[in-house]
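Just below is one structure, and these are the notes that go with it.
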């Protein structure tokens, strides 16, 4: 069982690298620009792959562009990877980077308020 997991993990990592290259250099759809593939999860039977992505502007048009390009991307993956069958690609928007940036901004704002409050208290003393 451990070998299957290692194999599916290696396949997921290879798909992630190849998709990143294909999205950057091969795909000509104007809806699909500046996309980052953050993670790929491959099912145990290697029939399906969830492709998590993030983008500067996560829009419904981007999702539609990726779904439309899934067949092209899958055919390109089949040429680049030595596999009998290439998994079907399912694209899922990954908002974790946006949430992380928002939390970071909140923390920075709180720290700045604390520092300002500390500076104001020092001037009053």
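The values are calculated or read from the model by the stated rules, or taken from the named source; none is laboratory data. Quantities reported herein were computed from a predicted structural model and do not represent experimental measurements. Here the Cβ positions follow ideal geometry from the backbone for every residue, glycine too, while neighbour counts run over all protein chains shown.
Of the residues making up the stretch 40-52, those that are modelled with pLDDT under 95 and surrounded by 15 or more Cβ atoms within 10 Å (Cβ to Cβ) number 1. Remark: pairs (first residue in the stretch 99-111, within 24 Å of residue 58 (Cα to Cα); second residue at pLDDT 90 or above; Cβ separation under 7 Å; 6+ apart in sequence or on different chains) are absent.
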